[in-house]
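Derivation of every value follows stated rules applied to the coordinates shown; laboratory data play no part. These numbers come from a predicted model, not from an experiment. All Cβ positions, glycine included, derive from the backbone under ideal geometry; neighbour counts span all protein chains shown.
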Amino acid sequence: MATLKTDPVRLERFLTEIAAFGATKNGGVTRLALSDEDRDARNQLKAWFEAAGCETKIDRMGNMFFVRPGKNRALPPVLTGSHCDSQPQGGRFDGILGIIGGLEAVCALNDAGVTLERDLIVVNWTNEEGSRFTPGTTGSGVFAGKLDREAMYALTDREGLTFGGELARIGYKGETDFDPRPLHANFEYHIEQGPVLERQGKTIGVPKGIVCLRWYDVEITGVPNHAGPTPMNERRDAVYAFARMASEIFEIGLASDNVVATVGEVHPSPNSRNVIAGNLHFTIDVRGWDETETDRVCADIEKAIRTHAEVTGTTVDIRKTWEVERAPFHPQLVSMIRETAGELGLPALDMVSGASHDTVYINQFAPSAMIFVPSIGGRSHAEVEETSWADCAAGADVLLNCIIKTCNDPEGVEYA
Ligand code: GLV
Ligand code: MN
Ligand code: MN
């Protein structure tokens with residue numbers, strides 16, 4: 001079948017309009033999970049998908065499923081989508097591009113008057129980022145049976161508000177679950193969030209999978225005291241202990257060939273310029289393709305933290321708060337993405353996803369693969385995050401044509 005194209009003007013309009021929800025003054029978005037901005041973006045998505053003829057289902061985690069019926073509704077459907085929450089001062093493309101790409105695919109199919117064999121479902125997974133409520137990918141994790149719904153409802157943000165309470169407050173706590181399993185295939189379309197595609201001059205990234213991930217929360221306890229009279233050699237300073245730990249965590253990451261380590265959040269207490277901090281809470285994010293090397297790096301980090309606590313006279317509590325194994329994608333779907341890019345005349349590159357995505361969980365029970373487009377300057381999780389409109393449309397074209405291929409797979413065809 002000849003390839004079909006999305007409408008780049010409409011795609012740009014959708015992306016520009018949705019970026020207004022939580023827009024920051026420097027061109028990014030702050031649309032934290034279950035915030036008012038998240039709710040407003042959800043309402044807009046629902047309106048657009050329903051105007052495009054889709055039916056909306058909302059499950060007990062607030063995951064939103066937009067269903068475009070196929071000819072044979074008994075066949076396993078094809079799923080696509082991503083997330084509409086963002087990091088604080090995050091970018092306009094992370095996550096939302098995958099949902100809008102799915103919306104544009106629906107609109108392009110409508111324009112062409114095409115009814116596919118199978119249902120197409122575009123999903124908005126709740127709380128992918130894990131910034132306000134930890135861990136992330138909670139919507140997809142519960143859907144996959146890997147995270148416990150009640151435990152996720154009980155998560156609290158830094159203000160003490162609960163996930164369950166906030167989900168109900170924004171009006172997205174569904175009363176029943178929607179379960180379209182078994183899924184025939186799952187595609188997630190996303191920006192690369194790194195520098196590889198741009199540096200190699202390629203338009204479409206074809207990841208073979210997603211790296212594994214470990215998250216830690218660390219609590220340092222020292223002795224709070226006055227910044228003036230307390231002699232330097234008598235201090236048990238939580239900030240000093242932290243500075244030594246953070247520095248070594250960076251060095252351990254730097255020394256590893258393929259594992260990265262990040263200290264992202266730091267909360268000293270009482271956080272006052274003339275008080276020696278008595279407490280400090282910080283987070284660590286460790287990722288790599290090689291699980292053994294990732295665990296080796298984690299062990300080195302834990303050892304370094306304990307050593308620095310001892311040397312600085314502080315005590316430390318290290319908690320591993322999240323662990324996800326790496327996700328190798330389905331080889332046939334990965335090849336389909338590469339071939340589809342070729343059919344569209346788009347240069348493609350095989351790679352690995354260094355960022356995590358909801359597909360890390362969906363991949364555990366459904367044949368899955370992802371489509372990447374370049375991030376300008378390799379920047380993401382920042383307001384400057386940017387992808388050219390032409391590249392956004394190119395990725396949407398690959399997604400659309402992979403949807404057509406898989407949604408038209410006849411009964412009996414399976415990606416086993
Ligand atoms: C999510 O965006 C992540 O990779 O942490
Ligand atoms: Mn994302
Ligand atoms: Mn993200």
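Quick notes
- Karplus-derived 3J(HN,Hα), 6.51/-1.76/1.60, for each residue of the stretch 361-366, Hz, glycine and proline x: 8, 5, 4, 6, 9, 9
- Computed log₁₀ I(q)/I(0) - Debye formula, equal Cα scatterers, no solvent, the stretch 82-229, q 0.19, 0.20 Å⁻¹: -1.40, -1.47
- The chain: angle of helix 96-111 to the longest principal axis, Cα-based, in degrees nearest 10: 10
- The 3J(HN,Hα) values that the Karplus relation (6.51, -1.76, 1.60; θ = phi - 60°) gives for the stretch 396-410 are, in residue order, 5, 5, 5, 4, 4, 6, 5, 4, 4, 4, 6, 5, 9, 4, x Hz. Gly and Pro appear as x.
- Largest-first ellipsoid semi-axes for the stretch 338-406, taking √(5λ) over the Cα gyration tensor eigenvalues, angstrom: 21, 18, 10
- For the stretch 127-172 and the stretch 240-264, distance of Cα centres in Å: 28
- What you get for the stretch 112-195, charging only the Cβ of Lys and Arg (+1) and of Asp and Glu (-1), is a dipole of about 100 debye around the Cα centre.
- Axis of helix 331-343 versus longest Cα principal axis of the chain: the two differ by about 60°, to the nearest ten degrees.
- Taking T230, T283, T138 as the candidate residues, the one with maximal mean-square fluctuation in a Gaussian network model of the chain, Cα springs under 10 Å, is T230.
- In order along the stretch 231-240, the phi-based Karplus estimate (6.51 cos²θ - 1.76 cosθ + 1.60, θ = phi - 60°) of 3J(HN,Hα) comes to x, 4, 7, 10, 8, 10, 9, 5, 6, 4 Hz; Gly and Pro are listed as x.
- With Cα atoms, 0 to 90° folded angle of helix 8-18 axis to the chain main axis: 40
- The H on the amide N of V352, modeled in the peptide plane, is under 5 Å from the matching H of K208, each at least 5 residues off or on a different chain.
- Note on the chain: GNM, Cα springs under 10 Å; of N127, N363, N233, the largest mean-square fluctuation is that of N233.
- Beta bridges by DSSP in the chain, antiparallel share as percent, to the nearest 5: 70
- A simple count of charges around G412, restricted to other residues whose Cβ falls under 13 Å of its Cβ and scoring Lys, Arg +1 and Asp, Glu -1, yields -3.
- Estimated purely from DSSP H runs of n ≥ 4, each contributing -39500 (n - 2.57), the mean residue ellipticity at 222 nm for the chain is -10500 deg cm²/dmol once divided by its residues.
- Across K25/K320; K57/K202; K57/K146; K173/K202; K46/K320; K5/K146, pairs whose alpha-carbon gap is larger than 31 Å: K25/K320; K57/K202; K173/K202; K46/K320; K5/K146
- By the beta-carbon count within 10 Å of each Cβ, the least crowded to most crowded order of D358, D94, fewest first, is D94, D358.
- With a cut-off of 14 Å between beta carbons, the residues surrounding V334 carry a summed charge of 0, where Lys and Arg count +1 and Asp and Glu -1.
- When the chain is treated as a GNM with alpha-carbon contacts under 10 Å, the residue of G91, G113, G62 showing the greatest mean-square fluctuation is G113.
- When each of I276, I18 is scored by the number of other beta-carbon atoms lying within 10 Å, the sequence from fewest to most is I276, I18.
- Centre separation in Å (Cα based) which lies between the stretch 209-236 and the stretch 348-409: 38
- Protection proxy ranking for 119-126, 297-304, using the average of other Cβ atoms within 10 Å per residue and placing the highest first: 119-126, 297-304.
- Debye intensity ratio I(q)/I(0), log10, the stretch 24-162, q values 0.09, 0.19 Å⁻¹ (C-alpha model): -0.29, -1.10
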